[in-house]
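Down below is the structure, laid out as structure tokens.
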């Protein structure tokens with residue numbers, strides 16, 4: 001500021017000197033012209049001598065020099081290019097020390113040791129509260145802060161880059177202040193708003209004439225209020241795009257704000273004004289009802305964790321602050337969408353990692369509806385209507401129509417659990433099959449869709465509580481409607497999704513309730529399973545799956561194989577204990593001794609007594625009912641060794657699997 005004042009006075013002095021010397025120069029010019037026109041006593045005109053000419057030239061050069069100097073130092077610019085900032089000679093700290101308006105700030109810097117930081121080489125931007133700013137904020141003594149508090153308070157005024165006033169834009173920048181967490185790793189966000197003037201975090205504005213004070217290690221902007229590390233509520237209040245959210249939260253007075261200004265940490269998913277406008281006319285949704293509104297707002301809050309966007313993973317369950325701790329899920333591979341109680345298309349992040357002192361905010365494009373609210377809205381809606389009404393599932397509804405399943409899913413007595421793929425998942429599946437919704441075979445589509453349905457209504461908690469298990473879907477073999485395809489449900493708490501179906505499709509157990517069933521979101525279409533599907537997805541068959549040669553895998557994975565269907569007697573992992581598997585052709589012979597081609601033999605097809613079956617290896621195995629060893633039946637191999645059949649009728653589209661506790665060996669003498 002001192003340098004600027006000197007520069008201004010220098011410019012004014014130049015202006016006065018230009019005027020003075022211009023007057024003198026004009027007078028000299030007049031005198032010379034007058035004399036040159038006056039004749040002497042001899043009648044001749046006077047001739048300018050060298051001294052007069054030198055004086056004339058010197059005056060002209062002096063005026064030009066002063067004029068150029070004044071122009072070069074004139075900061076009015078007069079419409080020209082933006083001038084370079086004046087060369088600074090003081091550091092940010094030295095500049096603050098030199099100002100009588102920043103004594104409180106200097107005292108705070110001295111106490112915290114940040115005076116050293118801002119006196120060293122660097123590229124900083126400092127939003128510097130004046131003495132009056134501290135007074136206006138009610139800060140009369142720095143003793144009210146601990147050293148740690150004061151340090152973070154000050155760092156929230158500092159950016160790690162030089163940002164001049166002309167470079168400011170509406171949005172968030174990161175200060176050197178630290179957010180919650182033991183590591184203190186996350187930088188606090190500062191909201192800059194240029195609408196109707198310049199404000200910082202909705203509370204501070206630049207002091208008149210206080211912008212762009214240059215220093216050797218950065219730039220200073222004087223502000224009229226300090227910038228304390230903002231909590232999540234203060235961040236919401238500062239951003240006009242959260243006005244609707246603010247209005248709803250403060251309508252409960254301090255019931256919600258009293259919680260959200262606490263230590264936290266909190267993760268807030270904050271809908272925009274437009275997001276709230278979009279749900280205003282949702283049938284049956286009454287935001288004037290306090291209980292409804294409170295539940296919806298709390299469904300946007302995760303307590304006890306500061307979850308940054310990069311820490312979100314697909315299928316990650318998030319326990320919200322609703323009274324029942326209702327779950328919210330992340331979706332997509334990079335965790336950038338959310339799935340709420342509607343089970344609808346993902347809720348998108350508009351802006352992430354708005355870091356506060358007690359939590360983090362992510363701006364989202366939709367209002368999240370908890371399952372309890374959704375269920376109250378759709379309790380009279382059928383499964384089919386649910387698909388039609390839920391955003392992102394209209395193509396599933398269209399597929400239901402093409403497959404002729406509308407009546408079944410509209411039946412009040414349907415009583416089903418449906419794992420529902422959204423539009424993107426359905427389109428990806430059909431594309432992989434070389435078809436689309438217009439050209440796909442209706443019978444095939446019907447069977448695929450019924451492969452997503454099981455009888456009875458099961459919540460996510462019930463599914464997880466039951467553990468890994470096989471169940472039957474409503475899909476069937478094309479030529480045997482009594483043979484329902486199996487579904488392997490695996491609980492995967494450490495995986496991308498809490499539940500996985502057939503080793504591939506992740507389930508978000510959203511518990512979306514319809515009048516005749518319950519719906520859970522599934523990450524991809526559950527394809528019609530093959531023998532290989534179950535051999536590779538069921539961890540009990542991992543040893544067998546690892547031993548299968550590629551050609552056998554290809555055969556058992558092809559529904560169109562000429563030898564299908566297959567009946568496979570699959571040894572569980574424990575059956576291989578103590579068995580030294582051969583290799584090459586002998587291994588192939590051993591494995592094929594477990595496979596019967598051309599028949600789909602289910603347990604209900606077995607007669608009492610011995611049931612001989614010829615395997616693909618050539619020898620027979622004999623299944624005996626009732627058992628003496630196994631749970632369901634006994635099985636004897638080509639060497640007359642007998643074991644038990646303990647799990648039966650794992651039905652695939654190209655055959656059936658029965659789990660056995662023995663490795664079957666062919667007759668080695670033939």
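Here are some notes:
- Within the stretch 431-449, if we keep just the residues that are buried (at least 20 other Cβ atoms within 10 Å of the Cβ) and within 32 Å of the chain's Cα centre (by Cα), the residue that is farthest from residue 520 (Cα to Cα) turns out to be 448.
- Residues that are part of a loop (DSSP other than H, G, I, E, B) and either surrounded by 17 or more Cβ atoms within 10 Å (Cβ to Cβ) or outside the structural domain of residue 566 (by TED's automatic domain parsing) (or both) within the stretch 629-656 comprise 630, 632, 637, 638, 653, 654, listed in sequence order.
- Residue in the stretch 572-580 that is at positive phi and either modelled with pLDDT of 95 or more or not assigned by TED's automatic domain parsing to the domain that holds residue 490 (or both) present: yes
- Of the listed requirements (1) surrounded by 15 or more Cβ atoms within 10 Å (Cβ to Cβ); (2) more than 26 Å from residue 284 (Cβ to Cβ), residue 458 misses just one: (2).
- Those helices (runs of 4 or more DSSP H) lying entirely in the stretch 474-567 with at least 2 residues within 17 Å of residue 451 (Cα to Cα): 531-537
- Test for residue 297: is it in contact with a helix residue (DSSP H, G or I) (Cβ under 7 Å, 6 or more places away or on another chain), surrounded by fewer than 19 Cβ atoms within 10 Å (Cβ to Cβ) and farther than 30 Å from residue 135 by Cα: no
- Test: residue 401 is outside the structural domain of residue 190 (by TED's automatic domain parsing), in a loop (DSSP other than H, G, I, E, B) and more than 26 Å from residue 189 (Cα to Cα): no
- Residue check, residue 526 farther than 18 Å from residue 660 by Cα, surrounded by fewer than 20 Cβ atoms within 10 Å (Cβ to Cβ) and in contact (Cβ under 8 Å) with a residue 12 or more places away in the chain: no
- When residue 666 is tested against (1) more than 27 Å from residue 485 (Cβ to Cβ); (2) in contact with a strand residue (DSSP E or B) (Cβ under 7 Å, 6 or more places away or on another chain); (3) surrounded by 19 or more Cβ atoms within 10 Å (Cβ to Cβ), just one condition goes unmet, and that condition is (2).
- Filter result for the condition that a residue is modelled with pLDDT of 95 or more, outside the structural domain of residue 158 (by TED's automatic domain parsing) and surrounded by 18 or more Cβ atoms within 10 Å (Cβ to Cβ), over 201, 239: 239
- Screening residue 391 with (1) outside any helix (DSSP H, G or I); (2) at pLDDT 95 or above; (3) surrounded by fewer than 19 Cβ atoms within 10 Å (Cβ to Cβ) gives one miss only, at (2).
- Taking the numbered list (1) part of a loop (DSSP other than H, G, I, E, B); (2) touching a helix residue (DSSP H, G or I) at 6+ places or on another chain (Cβ under 9 Å) in turn, residue 396 passes all entries but (1).
- Looking across the stretch 614-628 at every residue that is touching a residue at least 24 places away in the same chain (Cβ under 8 Å) and buried (at least 16 other Cβ atoms within 10 Å of the Cβ), the one that is nearest to residue 584 (Cα to Cα) is identified as 617.
- Top-ranked residue in the stretch 569-587 [being assigned to a helix (DSSP H, G or I) and touching a helix residue (DSSP H, G or I) at 6+ places or on another chain (Cβ under 9 Å); ranked as surrounded by the fewest Cβ atoms within 10 Å (Cβ to Cβ)]: 574
- Conditions (1) buried (at least 22 other Cβ atoms within 10 Å of the Cβ); (2) touching a helix residue (DSSP H, G or I) at 6+ places or on another chain (Cβ under 9 Å); (3) modelled with pLDDT of 95 or more: number failed by residue 487: (2)
The values are calculated or read from the model by the stated rules, or taken from the named source; none is laboratory data. Everything quoted here is computed from the prediction, not taken from an experiment. Every residue, glycine as well, gets a Cβ built from its backbone with ideal geometry; the counts of neighbours run over all protein chains shown.
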